[in-house]
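> Starting off with a structure, shown below.
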Amino acid sequence: MATLPAYIFHTDCLKHEMGPQHPEAPGRIGAIHDMLLIRGLLDFMQPYDAPLATEAQLARAHSSLYLHSIAAQSPASGSVQIDPDTSMNPYTYRAALRAAGAAVLATDLVLTQRAGFAFCNVRPPGHHAEYGAAGGFCFFNNVAVGIRHALDVHGLERVALVDFDVHHGNGSEDILRDDARVLMCSIFEDKLYPFSGNTPRGANMVNVPLPARSGGDVMRAAITGQWLPALERFAPQMIFVSAGFDGHREDDMGNLGLVEADYAWITRQIVAVAQRHAHGRIVSCLEGGYEPSSLARSAAAHLKVLLGLDD
């Protein structure tokens, strides 16, 4: 019998910083944690410390050459620029290992019925990290590491990834595009970083670019018309979520104009599919969301639905 849902976090994730003005800041996960505490949602969850991902776990989603390269670039002091938007301080590498390790632990907890679902409140995010490259604030592709752990270690045959970040998850697509065991469904704002996704790179991709200023109704229609039929046909045994809340109208990273109710609605659709096909098994990993208040409120709305408290 499943026990309390899992809430996975680690203080190492607060030590990675990319500069005082950088939007991907430690306060992001602190804001979520505080909101979940204030709203009493953590009372319904079991806390876990995110472990360090092992090289073997990371190597299911990344090349060994890349893994050795990113480890070698970790600075003893100061910072090292990886791309124009992404840098490492002395704590980044360990934080990235924790973020990927959180997805592995979450997978283990859910598949061994020690948790009904898991939410990973960790950073750095992951969905822009490709098989052999960091980028877009991301170092290791946390959800892809978790998905491959579910497939290769636990022996699942069909796993879905649902990505509702305002930016296209190019890294997840790069890693998972040829894996018939995975169905990836994503919505994202068109003509926005990383300027990809309009043409799916694999038959297992359901990419839905949305025009700027689409709003919640357009997003809901796109998911109803394109994601949900594909998910029903695929009948996943487990669902991973790249939970990016930067499509919120208060977040200037994107311009989709979504609100908390839209994230609650998306989550209800995910839960319904998971209950029909996957014994309710869901692992949700934080991706984007850069305005602390809207991020925290949206994540709380997401968790409230996952906890079955939104009635």
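> From the residues in the stretch 88-143 that are buried (at least 24 other Cβ atoms within 10 Å of the Cβ) and among the β-branched types (Val, Ile, Thr), which one is farthest from the chain's Cα centre (by Cα)?
Across the stretch 88-143, the extreme among qualifying residues is Thr92.
> In the stretch 31-89, which strands (runs of 3 or more DSSP E) lie fully inside it and hold 3 or more residues that are over 14 Å from His16 (Cβ atoms)?
Correct list: 46-49.
> Something else about it: So which residues in the stretch 67-116 are out of contact with any strand residue (DSSP E or B) (no Cβ under 9 Å at 6 or more places or on another chain), in contact (Cβ under 8 Å) with a residue 60 or more places away in the chain and small (Gly, Ala, Ser)?
Ala95
> Sticking with this one: Could we say that Arg148 is crowded, with 20+ Cβ neighbours inside 10 Å and either at pLDDT below 95 or not in a loop (DSSP other than H, G, I, E, B) (or both) here? Break it down into steps so the answer makes sense when it comes.
Numbers: crowded, with 20+ Cβ neighbours inside 10 Å: yes; either at pLDDT below 95 or not in a loop (DSSP other than H, G, I, E, B) (or both): yes.
Spelling it out, Arg148 is indeed crowded, with 20+ Cβ neighbours inside 10 Å and either at pLDDT below 95 or not in a loop (DSSP other than H, G, I, E, B) (or both).
> In addition: Among (1) in contact with a Pro (Cβ under 7 Å, 6 or more places away or on another chain); (2) within 29 Å of Leu109 (Cβ to Cβ), where does Glu55 come up short?
Only one criterion in (1) in contact with a Pro (Cβ under 7 Å, 6 or more places away or on another chain); (2) within 29 Å of Leu109 (Cβ to Cβ) is unmet by Glu55, namely (1).
> Next question, about the same structure. Name the residue, out of Gln46, Gln57, that is of a type in the set (S, T, N, Q) and buried (at least 16 other Cβ atoms within 10 Å of the Cβ).
Going through Gln46, Gln57 in turn, just one is of a type in the set (S, T, N, Q) and buried (at least 16 other Cβ atoms within 10 Å of the Cβ): Gln57.
> Kindly indicate which of Leu97, Leu105, Leu109 is under 18 Å from Ile29 (Cα atoms) and either part of a helix (DSSP H, G or I) or acidic (Asp, Glu) (or both).
The conditions single out Leu97.
> Further, regarding this structure: Is it true that Ser63 is surrounded by fewer than 15 Cβ atoms within 10 Å (Cβ to Cβ), farther than 26 Å from Glu291 by Cβ and of a type in the set (S, T, N, Q)?
yes
> Let me ask another. Residues in the stretch 277-291 that are more than 11 Å from the chain's Cα centre (by Cα) and outside any loop (DSSP other than H, G, I, E, B): how many?
Selection size over the stretch 277-291: 2.
> Can you find a residue in the stretch 56-66 that is of a type in the set (S, T, N, Q) and touching an Asp or Glu at 6+ places or on another chain (Cβ under 9 Å)?
yes
The values are calculated or read from the model by the stated rules, or taken from the named source; none is laboratory data. Remember, predicted model here, so these are calculated numbers, not experimental data. A quick note on method: Cβ atoms are made from the backbone with ideal geometry, for glycine too, and the neighbour counts reach across all protein chains shown.
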